[in-house]
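The values are calculated or read from the model by the stated rules, or taken from the named source; none is laboratory data. Keep in mind that this is a model prediction, so the values were computed, not measured. All Cβ positions, glycine included, derive from the backbone under ideal geometry; neighbour counts span all protein chains shown. Just so you know, the surface numbers come from the protein's heavy atoms only, side chains and all, with ligands and any DNA or RNA stripped out. Shrake-Rupley method; radii C 1.70, N 1.55, O 1.52, S 1.80 Å.
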Amino acid sequence: MILLVTNQRDITMDYIVLELQRRGIKYFRLNTELLPKYKCTMSYQSRQDWSIRTPNGEVCGNDITSAYFRRPGMPVIESIIGDEAVSYAVAEWQSLLKSLYMRLDGLWLNSPTNIILAEDKPLQLLLAHELDFNIPAACVTNDLISAKKISSKHNVIGKPLRQALITGVQESVIFTNRLNKFTDNDESALALAPIIIQEEIIKKYDVRVTVVGKEIFPVAIFSQTNKETEVDWRNGARTDLKHSKITLPVKLERKCFQLVEKLNLKYGAIDFICDVDDKYWFLEINPNGQWAWIENLTGSKITDSIIHELTKSNTFE
């Protein structure tokens, strides 16, 4: 049985579920926000000594042969009154989930631990440099001196180091933006939090490379046809951007596989820029990135590739 860890609204996981159902492969979808509604038991006789009982049946550790960590939701507590008590209960459920995740080491497509480690963008740039990717000049800083130095040599963009979402009553997303030359007036604002400041590469198009095991799915995203998507193709949430399958140079393809391997991953979504001279520039890798829209627009068989990885023979070490 395959364990799918996510939330009820994860449409990408729906693709996996539909294909597993079509093939008649057993699975258990754990929407973790619902966990407080279930009966859970964990003991110490073995790593498989755990169970989750739901109104629709029970799953036990011995049942699980592989696992896919996607987008788990925060456990929702409905029967406790008081913020402090709710916070306590949520923390306890999260602790149980953490223990469950660790017991599944060796069975994950990408383990939660490796996902967290791979989200380190400065580490990504370091590894990409070691693998000899083309990388735009960049620095991670909150120091005006460093910001002035890079912006004096290049036109630059700025993007978040980690969190692109500002939560609250009015949620907002921080997209990649062009930055003006830094002046002394910027010092106090820049000092508030580190950001990535990077040389702007003039694009021919953006590239998303999805790596799953030994398969690779490179796609060009023609972002330069619209003003709002020139710098960040996600800006404006346009659904009409042309996507096309492409073929990468063999050496670049090999480097993509090597980067995913260095990060101890089996899945990775890598972003590049292809410039006007057809040169590829590495930007970042998302170890748990979205992929369903690529399959929709290009017919890339990413669902099949992920299920192939999940149905390989897996055993606990």
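Is it true that some residue in the stretch 49-60 is assigned to a helix (DSSP H, G or I) and touching a helix residue (DSSP H, G or I) at 6+ places or on another chain (Cβ under 8 Å)? Give the steps one after another, and end with the answer.
Pass one, the stretch 49-60, residues assigned to a helix (DSSP H, G or I): none.
No, the conditions are met nowhere in the stretch 49-60.
Scanning the stretch 112-167 for residues that are hydrophobic (A, V, I, L, M, F, W, C), in contact (Cβ under 8 Å) with a residue 12 or more places away in the chain and part of a loop (DSSP other than H, G, I, E, B) yields LEU131, PHE133, ILE135, ALA137, LEU161.
Matching residues to (1) surrounded by 13 or more Cβ atoms within 10 Å (Cβ to Cβ); (2) among the aliphatic types (A, V, I, L, M); (3) part of a loop (DSSP other than H, G, I, E, B):
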residue	(1), (2), (3)
LEU3	yes, yes, no
TYR15	yes, no, no
LEU18	no, yes, no
ILE25	yes, yes, yes
LEU30	yes, yes, no
SER79	no, no, yes
GLN94	yes, no, no
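Looking at ASN62, is it modelled with pLDDT under 95, open to solvent by 50 Å² or more (accessible area, probe 1.4 Å), of a type outside the set (Asp, Glu) and over 28 Å from the mean Cα position of the chain (by Cα)? Taking the combined requirement at face value, the residue does not satisfy it. When VAL169, VAL156, VAL173 are checked against the criterion of being open to solvent by 50 Å² or more (accessible area, probe 1.4 Å), under 18 Å from VAL231 (Cα atoms) and of a type in the set (A, V, I, L, M, F, W, C), VAL173 stands alone in meeting it.
Please tell me if ASP105 is charged (D, E, K, R), outside any helix (DSSP H, G or I), surrounded by 15 or more Cβ atoms within 10 Å (Cβ to Cβ) and touching a residue at least 12 places away in the same chain (Cβ under 8 Å).
Criteria met by ASP105.
Among the residues of the stretch 168-182, those identified as touching a residue at least 12 places away in the same chain (Cβ under 8 Å) and farther than 21 Å from TRP233 by Cα are LYS181, PHE182. The residue of the stretch 32-47 that is least open to solvent (accessible area, probe 1.4 Å), among those that are charged (D, E, K, R) and not in a strand (DSSP E or B), is GLU33. Cβ-Cβ distances below 8 Å connect the following pairs, each with a first residue in the stretch 210-231 that is open to solvent by 10 Å² or more (accessible area, probe 1.4 Å), a second residue that is modelled with pLDDT under 95 and among the hydroxyl-bearing types (Ser, Thr, Tyr), and a separation of six or more residues or different chains: GLU230/SER223; VAL231/THR176.
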